[in-house]
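The values are calculated or read from the model by the stated rules, or taken from the named source; none is laboratory data. Note that the coordinates shown come from a computational prediction; the quantities given were computed from them, not determined experimentally. Here the Cβ positions follow ideal geometry from the backbone for every residue, glycine too, while neighbour counts run over all protein chains shown.
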Amino acid sequence: DVKVTQSSRYLVKRTGEKVFLECVQDMDHENMFWYRQDPGLGLRLIYFSYDVKMKEKGDIPEGYSVSREKKERFSLILESASTNQTSMYLCASSLRQYSGGYTFGSGTRLTVV
Amino acid sequence: AQTVTQSQPEMSVQEAETVTLSCTYDTSENNYYLFWYKQPPSRQMILVIRQEAYKQQNATENRFSVNFQKAAKSFSLKISDSQLGDTAMYFCAFDTGNQFYFGTGTSLTVIP
């Protein structure tokens with residue numbers, strides 16, 4: 001089975017801190033995605049990547065950046081954390097040109113205080 | 001614009017009964033894929049069922065089945081013989097090949 005691993009289940013950070021959320025997948029998927037999930041808003045796409053060193057903005061990229069130096073790893077970076085970035089963050093991966101759906105990580109609940 | 005609408009924020013069902021979760025979507029694409037995902041309290045999003053838009057036959061996975069009406073852009077999920085482990089948030093989604101679009105979710109509670 002494909003596994004998508006997010007390094008932390010819970011994080012508490014202070015306003016202004018630089019925050020790194022890590023995601024690793026083990027099945028050679030080309031596509032990787034970062035979403036944030038908020039009650040009543042569903043999942044909103046922050047950034048995605050279809051290949052190493054490639055990144056594309058999603059619907060809500062402001063305040064975030066990403067890094068994909070290796071195929072299996074996709075990092076989400078909060079340059080200067082703010083309280084409105086308190087949320088659940090979900091990483092997902094998929095094969096290119098295969099609509100079998102995404103495989104998700106178990107999520108990181110980030111609280112910014 | 002590509003949108004997914006789940007009009008039922010919360011639902012409940014008695015154990016062993018049947019429940020249907022509704023989903024409508026809007027897209028100008030002709031070829032796409034539709035999905036239902038389940039997110040239990042453990043938070044891991046799990047694929048429940050998948051439907052290819054060009055197939056008329058409704059997908060079925062054990063107790064889970066869909067009613068896909070392409071012309072109406074409707075994609076409802078039916079859960080038969082509901083079990084306590086079905087308690088979760090359910091998300092409807094579709095994939096145009098360029099991007100996934102998710103609904104806002106329906107929280108389903110199975111009552112013993």
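Restricting attention to the stretch A:91-102, which residues are surrounded by fewer than 13 Cβ atoms within 10 Å (Cβ to Cβ) and in contact (Cβ under 8 Å) with a residue 60 or more places away in the chain?
Within the stretch A:91-102, A:ARG96 is the sole residue that qualifies.
Restricting the stretch B:16-30 to residues that are of a type in the set (D, E, K, R) and at pLDDT below 95, which is nearest to the chain's Cα centre (by Cα)?
Of the residues in the stretch B:16-30, the ones of a type in the set (D, E, K, R) are B:17, B:26, B:29.
Restricting the remaining residues to those that are at pLDDT below 95 gives B:26, B:29.
Numbers: B:ASP26: 15, B:GLU29: 19 Å.
Per the stated criteria, the residue is B:ASP26.
Scan the stretch B:12-35 and report the pairs whose first residue is closer than 17 Å to B:GLN99 by Cβ and whose second residue is among the hydroxyl-bearing types (Ser, Thr, Tyr) and crowded, with 19+ Cβ neighbours inside 10 Å, with Cβ atoms within less than 6 Å and a gap of 6+ or a chain change.
B:TYR33/A:SER99
Of everything in the stretch A:23-51, what is over 14 Å from A:SER93 (Cα atoms), touching a residue at least 12 places away in the same chain (Cβ under 8 Å) and surrounded by fewer than 19 Cβ atoms within 10 Å (Cβ to Cβ)? Give them in sequence order.
A:ASP38, A:ARG44 - these are the residues of the stretch A:23-51 that are over 14 Å from A:SER93 (Cα atoms), touching a residue at least 12 places away in the same chain (Cβ under 8 Å) and surrounded by fewer than 19 Cβ atoms within 10 Å (Cβ to Cβ).
Hand me the list of strands (runs of 3 or more DSSP E) wholly inside the stretch B:9-112 holding 1 or more residues that are of a type in the set (Gly, Ala, Ser) and buried (at least 20 other Cβ atoms within 10 Å of the Cβ).
Values: elements: B:10-14, B:19-21, B:24-26, B:33-39, B:46-52, B:64-69, B:74-79, B:88-95, B:100-102, B:106-111.
Per the criteria, B:88-95.
Run A:MET88 past the list (1) loosely packed, with under 14 Cβ neighbours inside 10 Å; (2) free of Cβ contacts under 8 Å to residues at least 60 places away in the same chain; (3) within 12 Å of another protein chain (Cβ to nearest Cβ) and report the number of the one that doesn't hold.
(1) is the only condition that A:MET88 fails.
This table checks each residue for (1) assigned to a loop (DSSP other than H, G, I, E, B); (2) hydrophobic (A, V, I, L, M, F, W, C).
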| residue | (1), (2) |
| --- | --- |
| A:THR5 | no, no |
| A:SER8 | yes, no |
| A:VAL12 | no, yes |
| A:GLU17 | yes, no |
| A:PHE20 | no, yes |
| A:ASP28 | yes, no |
| A:PHE33 | no, yes |
| A:ARG36 | no, no |
| A:LEU43 | no, yes |
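Return the residue satisfying two criteria in turn: it lies in the stretch A:91-113 and is of a type in the set (Val, Ile, Thr) and facing another protein chain (nearest Cβ under 10 Å), and of such residues it is nearest to A:SER49 (Cα to Cα).
First pass over the stretch A:91-113, keeping only residues of a type in the set (Val, Ile, Thr): A:103, A:108, A:111-113.
From the residues that got through so far, the ones that are facing another protein chain (nearest Cβ under 10 Å) too are A:103, A:108.
Working: A:THR103: 15, A:THR108: 19 Å.
So the residue we want is A:THR103.
Take the residues in the stretch A:56-71 that are more than 14 Å from chain B (Cβ to nearest Cβ) and surrounded by 17 or more Cβ atoms within 10 Å (Cβ to Cβ); name whichever of them is nearest to the chain's Cα centre (by Cα).
A:VAL66
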